[in-house]
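Each reported figure results from applying straightforward, stated rules to the coordinates on display, with no laboratory input. Keep in mind it's a predicted model, so treat the numbers as computed, not measured. Positions of Cβ are generated from backbone atoms using ideal geometry, with glycine treated the same way; all protein chains shown enter the neighbour counts.
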Amino acid sequence: MMIIIRVFVISITLLMLSSHVRAQTINTTDSEGPVFRWQGDGLKFETAARPAVKALAFYMGRGFSADTAKILVNEGCIFRSAIGSDKKTTGGKPVSVDLNDWRVIVNGEQKKIRKRDDWDAVLDRLNVKSGAARIAFKWSLFPPKQIFLLGDYNWGLLSFALPPLTRFDLKIVWRLGGKKQTQTFKGLECGS
Amino acid sequence: MRLMKKLMFGYCLRLQFIAIFIAIIVMFTNGQTYAQQTMQAMPGNPVAKDFKLKNLDGEFVSLSDFKGQVVMINFWATWCPPCRKEMPSMQRAWEQYQKNDIMMLAIHIGGNVDEIWSFVSEYNLDFPVLIDGNSKVSNAWPILGIPTSFVIDKQGRIAYRAIGGREWDSPELMQMMLLLNKQ
């Protein structure tokens, strides 16, 4: 009898747990390396390092010179990313993301991530005149602030402004119906 | 009695396996897909800003050319993965839209005509593609990232907005479009 009760309790607990698993970090590996994912508290997020060779090809394809493309890759630490609302956990509330709140943590030191405006200054410094390249660069980067409603998601590149092969942690911040949520991913690495 | 116990144990074990299996299925079907087939009503239904852009044949096309029609406007770029992904469904939706007098305009941000031409022919797209070469129109419209789409009602107001890619020929979205077209 005890066995039956024990098995019943375990089964019910597992079923209850499974139906309430709403916040989870799933790290997987695809052909390009580790993919870091989060799903819960209203947010779906995934990010993965862009290999340098692919990032280089992308920038040159958009009209940057080879020299500038190399600088962008070496300074950028570019990650492809998707951010969106998680229909199962938003509870109908808007999800807002402000990249100004996000931090990269390298050797215990916290740094802001590099956003569209920061890159504009870099492109000015590099004297990049090509309008087409700058337009593509701007629109390929993730928007600094965004509000996601049900069904909304966005794709973009995140730039952590670190040298190739730097290992770091990433603290992401979002608000679900105004309530602050955070999650930290450990062991990300810039592409090389 | 012993046999009964054995049978009971086996039954319980099976129950436990089923519970674990269901738990795993539920956990992994929490979904890694982002797009959900819905659009958001545009707050305040602002009047859509008119624009005049060249199509791939070099002819000017304005939003005001389609006054009195429902118009779906999609901002995109060939190098944007979710934009590429939604293009086949846009083509399928366009084939339905045409039967219902609904217009579709895909506005490419930046880029050059040759590159867009080769993309359009590779994907067999025949809806109008306009080029926002200097991204002035894209900057003037309420978009932050691509793809972003809008649906303009017959009165020229923005009725819906969708951030991110969609399956445009899905029954849910098609129904929203057809309902708006009836109003």
**Report entry** Electrostatic dipole magnitude of the range A:90-190 [Cβ: Lys, Arg +1; Asp, Glu -1; Cα centre; debye, to 20]
**Finding:** 140
Requested in this report: Calculate the mean, over all residues of peptide A:131-141, of how many other protein chain Cβ atoms lie within 10 angstrom of the residue's Cβ.
Outcome: 5
Query raised in the report: Can you list the trypsin sites (Lys or Arg not before Pro) in the range A:83-167 that are in a DSSP coil and have 14 or fewer other beta carbons within 10 angstrom?
Result: A:88, A:129
Query raised in the report: Could you give the dipole magnitude of the range B:43-183 about its Cα centre, charging the beta-carbon of Lys and Arg +1 and that of Asp and Glu -1, in debye to the nearest 20?
Result: 520
Query raised in the report: Just in the range B:43-128: which trypsin sites (Lys or Arg not before Pro) are loop by DSSP and have at most 16 other Cβ atoms within 10 Å?
Result: B:49, B:67
Report summary line: For the range B:33-183, the Cα-Cα pair-distance distribution in 10 Å bins from 0, as whole percents, is 11, 46, 38, 5
Report summary line: Zone reached by a paramagnetic label modelled 7 Å from residue B:54 Cα along Cα→Cβ, restricted to the range B:114-135 with backbone N below 19 Å, covers B:114-121, B:128-135
Query raised in the report: Between residue B:183 and residue A:112, what FRET efficiency follows from the Cβ-Cβ distance if R0 is 56 Å, with the result rounded to 0.05?
Result: 0.75
